[in-house]
Amino acid sequence: MFQTFDNNPEPDLAAPRIDQLRGILADTKIDAFLIPRADEHQGEYVPPSAERLHWLTGFSGSAGIAIVGKKRAALVVDNRYTVQARAEVDTDIFDLPTFAQGALADWIKANVKSGATIGFDPWLHTLRDIENLTGKLGEKNIKLKPMPRNLVDRAWGHERPKPPSEPVSIQPMKYAGQTSSEKLETVQKVLADNGQSAVVLTLPDSIAWLFNIRGAD
């Protein structure tokens, strides 16, 4: 996947999209929903079908997370994007809390009622992130609930781009440098040298390198 620097902020589109999402919140009896920038692989680059944060908020940076409640919403970005976020996002809709460790949890505790339930897509968050946030919200008895379907995808509907599904091709040896078997042996030696039994690879670029395969996404 190649990174582009195209920037077409559309903050005016946020209001109707937020209204759609809030209607779904009411239907599902959820008080708020988390929308991270990440896709299922937790990588820096995501396909158009996973640009949920951009579609909903207008923010096009590579890192951030939003929360949309029944009445209030917020977008938390890191220090690289504070100026960009204010230029791309409708600040009448989204609070932009100052980035700091725990900024998301602090905003939730200040703006979401005690005993509330916050939905999230379990494919898009790490276990550690959910456990950390759950611990910080425990004092207000705010619970996090995994949802069977992403609520932003429901609001996005048929306009959401299709996920990548191009055929896989084999990377020629003149570019790969080594066969997949040779790379596997190298990885296995590193595991053995470190007293480890296995490694789990989740990033598509790591998998593509190891097996000498490429896709068109």
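The values are calculated or read from the model by the stated rules, or taken from the named source; none is laboratory data. Quick caveat, the model's predicted, so the values are computed rather than measured. As a convention, Cβ positions derive from the backbone with ideal geometry for all residues, glycine included, and neighbour counts pool all protein chains shown. For accessibility, only protein heavy atoms count, side chains too; no ligands or nucleic acids. Shrake-Rupley method; radii C 1.70, N 1.55, O 1.52, S 1.80 Å.
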Members of the stretch 33-82 that are in contact with an Asp or Glu (Cβ under 6 Å, 6 or more places away or on another chain) and under 12 Å from LEU124 (Cβ atoms): VAL46, ALA50
With the requirement that a residue be hydrophobic (A, V, I, L, M, F, W, C), farther than 22 Å from ARG80 by Cα and open to solvent by 20 Å² or more (accessible area, probe 1.4 Å), what does the stretch 99-114 give you? ALA110
Out of curiosity, is LEU34 closer than 29 Å to LEU203 by Cβ and at pLDDT 95 or above? yes
Take the conditions of a type in the set (Val, Ile, Thr) and over 22 Å from LEU151 (Cα atoms) and apply them to THR98. Does it pass? yes
Within the stretch 144-161, of all residues that are touching a helix residue (DSSP H, G or I) at 6+ places or on another chain (Cβ under 8 Å) and basic (Lys, Arg), the one least open to solvent (accessible area, probe 1.4 Å) is ARG160
Which residue pairs have Cβ atoms under 7 Å apart, sit 6 or more places apart or on different chains, and have a first residue in the stretch 47-75 that is closer than 15 Å to ALA87 by Cα and a second that is polar (S, T, N, Q)? HIS54/SER60; SER60/ASN7; GLY61/GLN84; LEU75/THR57
Suppose the filter is open to solvent by less than 70 Å² (accessible area, probe 1.4 Å), among the polar types (S, T, N, Q), farther than 29 Å from LEU203 by Cα and in contact (Cβ under 8 Å) with a residue 60 or more places away in the chain; does THR117 pass it? yes
Can you pull out every residue in the stretch 131-158 that is among the polar types (S, T, N, Q) and either out of contact with any strand residue (DSSP E or B) (no Cβ under 8 Å at 6 or more places or on another chain) or part of a loop (DSSP other than H, G, I, E, B) (or both)? ASN132, ASN141, ASN150
What are the residues in the stretch 1-24 that are of a type outside the set (Asp, Glu), at pLDDT 65 or above and more than 19 Å from the chain's Cα centre (by Cα), if any? PRO11, LEU13, ALA15, PRO16, GLN20, ARG22, GLY23, ILE24
Here are some conditions: (1) within 19 Å of TYR45 (Cα to Cα); (2) among the β-branched types (Val, Ile, Thr); (3) modelled with pLDDT of 95 or more. THR179 meets all but one. Which one does it not meet? (1)
All but one of (1) within 25 Å of ARG37 (Cβ to Cβ); (2) open to solvent by less than 60 Å² (accessible area, probe 1.4 Å) hold for ALA176; which doesn't? (1)
Looking at THR98, THR57, which is the one that is modelled with pLDDT of 95 or more, polar (S, T, N, Q) and closer than 24 Å to ASN132 by Cβ? THR57
Just to be sure, is ARG128 in a helix (DSSP H, G or I), open to solvent by 80 Å² or more (accessible area, probe 1.4 Å) and touching a residue at least 40 places away in the same chain (Cβ under 8 Å)? no
Those residues of the stretch 60-98 which are more than 17 Å from VAL152 (Cβ to Cβ), buried (at least 21 other Cβ atoms within 10 Å of the Cβ) and within 15 Å of the chain's Cα centre (by Cα) amount to VAL77
For the stretch 182-217: of the residues being surrounded by 12 or more Cβ atoms within 10 Å (Cβ to Cβ) and touching a residue at least 60 places away in the same chain (Cβ under 8 Å), which is nearest to GLY43 (Cα to Cα)? LEU203
